[in-house]
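Single-structure report; data block below.
Nothing in this text is a laboratory measurement; each read-out follows from the coordinates by a stated rule. Worth saying up front: this structure is predicted, and the values here are computed from it rather than measured. Here the Cβ is made from the backbone with ideal geometry for all residues, glycine too, and neighbour counts use every protein chain on show.
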Amino acid sequence: MYGSKIMKNKLKSIVVTLSVGICFLSAVVVGAHGYEDVDFNFDFSALSFARYTASQRKDTESPAYAYVDYLSNGRECTFSVVYDDKSKSSYTERVYVDEADIWYCISSNVVEDKDPGCYVRLRGDRLGVGSMQLSGWWSADSYRCQ
């Protein structure tokens, strides 16, 4: 009887430890993928039209989002989400950007065309002539645009 109690306590301890470990690992994995704000800085020269961020993993069908904190006065561009190799999905929305201090939601079919876990980039295309600067942060997976 005494040995049975010890075994039950050990089993209970193992189950609790495993549960805590699984919860911790789940939190780490969720934090590692998606919903990460990454800074970008697009510096367009007079001869450049497209700029790309570094790639991010995309795990959900949610829109990507970008927050513009600086845009050269009077300038305009578009945002789109493209694959890591800079190719487009079957649906690639181009979002018009003409103001700073605004969240922009950018839809695409990147996950629908491939699978969750694909890698994407934010593409910025300058409109008009001349140089311009644009900066802010973006995330491939969005909790802001739902």
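Within a straight-line Cα-Cα reach of under 13 Å, residue 88 can be paired with the following aspartates and glutamates, leaving aside sequence neighbours fewer than 8 residues apart in one chain: 112, 113. Along the axis of the charge dipole computed for region 64-106 (Cβ charges of +1 for Lys and Arg, -1 for Asp and Glu, origin at the Cα centre), the listed residues 81, 97, 65 are led at the positive end by 81.
From least to most packed, judged by other beta carbons within 10 angstrom and beginning with the fewest, 94, 123 follow the order 94, 123.
Peptides 54-64, 83-93, ordered by how many other C-beta atoms sit within 10 Å of their residues on average, highest first, read 54-64, 83-93. List the aspartates and glutamates whose Cα lies under 14 Å from the Cα of residue 86, skipping any in the same chain that are fewer than 8 positions away. Within the straight-line cut-off, residue 86 pairs with 125.
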